[in-house]
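The values are calculated or read from the model by the stated rules, or taken from the named source; none is laboratory data. All values derive from a computational prediction rather than experimental measurement. Glycine also receives a Cβ, built like all others from the backbone with ideal geometry; neighbour counts cover every protein chain displayed. Side chains are part of the model used for accessible areas, which takes the heavy atoms of the whole protein and leaves out ligands, DNA and RNA. Shrake-Rupley method; radii C 1.70, N 1.55, O 1.52, S 1.80 Å.
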Amino acid sequence: MANRPRHRALPIRFSFWKLALGVALGIWLGGLAFLLTCGLIYKVYMNQQFPPLPVNASPSTAPVPDASQQMFDQYRRNQENLQGRTGTDSPQCQFWQEQNAARPTAKTRDNIAHYCAE
């Protein structure tokens with residue numbers, strides 16, 4: 001047992017009460033800062049003057065059409081035009097004609113007959 005080193009206690013520079021008081025003071029100051037921040041936010045945002053809401057909208061003003069609805073209507077018209085195409089004007093017919101021009105096979109000829117028939 002003589003070979004074991006002696007354990008020395010570390011010197012404590014702060015007493016327990018100083019540490020406890022420092023922690024308590026830090027928590028108290030943090031809470032105070034939080035309350036002051038909440039009060040400032042309340043004062044800034046709750047005391048703002050908001051513009052009054054319109055009471056009656058005049059009937060002479062027409063509602064502005066929604067841009068997304070306009071785009072959807074245009075898309076629908078384009079799809080109807082594409083589906084209405086037949087014969088050599090259809091995209092499928094043009095595709096199979098290009099395929100047949102590049103590499104003619106029985107499949108491309110059959111598809112031309114199917115999609116390009118009027």
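A few remarks follow.
- Among (1) open to solvent by 70 Å² or more (accessible area, probe 1.4 Å); (2) of a type in the set (Ser, Thr, Tyr); (3) modelled with pLDDT of 75 or more - the single one Ser15 does not satisfy: (1)
- Residues that are of a type in the set (Phe, Trp, Tyr), surrounded by fewer than 10 Cβ atoms within 10 Å (Cβ to Cβ) and modelled with pLDDT of 80 or more, drawn from region 22-52: Tyr45
- Of all residues making up region 53-88, the number that are in a loop (DSSP other than H, G, I, E, B) and modelled with pLDDT of 75 or more: 1
- Within region 89-104, the set of residues being at pLDDT below 85, closer than 10 Å to Cys116 by Cβ and not hydroxyl-bearing (Ser, Thr, Tyr) comprises Asp89, Gln92.
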